[in-house]
Amino acid sequence: MMLTMTMRATRQRTALVTGAGRGIGRAIAVRLAAAGHRVALTARNEAELEETAALCTSTTLVVPADLTEPRAVDDVFAAIESELGMVEILIANAGAGTSAPLHRISDAEWERMLDLNLTAPFRCIRRAVPMMTAVGYGRIVVLASVASKRGEPYLAAYTAAKHGVLGLVRSAAAELARTGVTVNAVCPAYVDTPMTDGTVQTIMDKTGRTAEEARQILADKQPIGRLITVEEVADAVWFCIQNPGITGQGINIDGGAIQS
């Protein structure tokens, strides 16, 4: 673990961002730190977490972990509680996707998608809720996907997991509605991140298209004709944190692809 401290004049809460090493998680962590919150960062890659911590302007705690391991969530929360206090803001961002025809999805790949995109957020929420309800305050935001709301070919395992996590968010929000704890999902379309770079590479490998052509295919899936930015996703997460009247929602950040 690495603890970095910076004095701030504003009131601080303790936030946990999973998948904080890069992309969306990094943007959210930087936003929370800029607002004066203490930020705990977890992901598997410690070097990337330290890069994120260096960009933050408040107290940060780096806790490397693989959240698909059964004990990892408890260990991460225990480390945060020891150094920073209870987790008051939980951003369950860690996730991954794969693409394959339905008949070629192995049991192992199916389980991997469920473990990372559904079970790990569930374990984080389960661990955070008792202390949040005890103090009457909590903000939980899960990074879901537009795949939580529609089916798309070759993404069956990822889509099933993301549908599941949106259901988890809605059920948790209903259960916790009178406790001071809000639970929401942010549902981005294709975002300009390293994860999308991997999708671009897959398109290139399978179709022979150039990187520019492959990226344009993904950009065109949004009516606005471009990829979503990490800052736009972080804005939506911040909105959920700031507004106590918003709970049980799946907020689309998709350039108008799904109108709801």
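So, R0 is 30 Å and r is the distance between the beta-carbons of Lys206 and Asn243; what FRET efficiency does that work out to, to 0.05?
0.10
How high is the FRET efficiency between Ser260 and Ser82 when r is their beta carbon distance and R₀ equals 41 Å, given to the nearest 0.05?
0.50
Tell me, what is the percent relative contact order of the chain, built from C-alpha pairs under 8 Å that lie six or more residues apart?
Taking the mean separation of contacting Cα pairs over the length of the chain, I get 17 percent.
Multiply the residue gap between Arg112 and Thr57 by 0.36 nm, knock off their C-alpha separation, and tell me the result in nm, one decimal place.
Gain on stretching Arg112 to Thr57: 16.4 nm.
Over the chain, with a Gaussian network built from C-alpha contacts below 10 Å, which listed residue (Arg11, Arg71, Arg170) shows the highest mean-square fluctuation?
It is Arg11.
Can you find, among Thr42, Ala134, Gly225, the residue sitting farthest towards the positive end of the charge dipole of the chain, where Lys and Arg contribute +1 and Asp and Glu -1 at Cβ?
Farthest towards the positive pole: Ala134.
Once you charge only the Cβ atoms, +1 for Lys and Arg and -1 for Asp and Glu, what is the size of the charge dipole of the chain about its Cα centre, to the nearest 20 debye?
Details: 25 positive and 27 negative charges, 148 e Å.
Using Cβ point charges on Lys, Arg, Asp and Glu, the chain gives about 720 debye.
Could you work out how far the C-alpha centroid of the stretch 29-71 sits from that of the stretch 105-161, in angstrom?
Rounded to whole Å, the Cα centres lie 19 Å apart.
Rounded to the nearest 10 degrees, what's the angle between the helix 230-242 long axis and the longest principal axis of the chain, both from Cα atoms, 0 to 90?
The answer is roughly 40 degrees.
Straight-line reach from Lys162: which lysines fall under 18 Å, measuring Cα to Cα and dropping same-chain residues less than 8 apart?
List returned: Lys149.
Which value in deg cm²/dmol, rounded to the nearest 500, describes the helix-derived mean residue ellipticity at 222 nm for the chain, given -39,500 (n - 2.57) per DSSP H run of n ≥ 4 and division by the residue count?
After summing the helix terms and dividing by residue count, I get -14000 deg cm²/dmol.
Relative to the Cα centre, what is the charge dipole magnitude of the stretch 1-146, using +1 at the beta carbon of each Lys and Arg, -1 at the beta carbon of each Asp and Glu, and rounding to the nearest 20 debye? Please report the intermediate quantities before stating the final value.
Working: 15 positive and 15 negative charges, 127 e Å.
Using only the charged Cβ atoms, the result is roughly 620 debye.
Read-outs: derived from the displayed coordinates by stated rules, not from any lab. Here the structure is a predicted model, which is why all the values come from computation and not from measurement. So basically every Cβ, Gly included, is an ideal-geometry build from the backbone, and we count neighbours across all protein chains shown.
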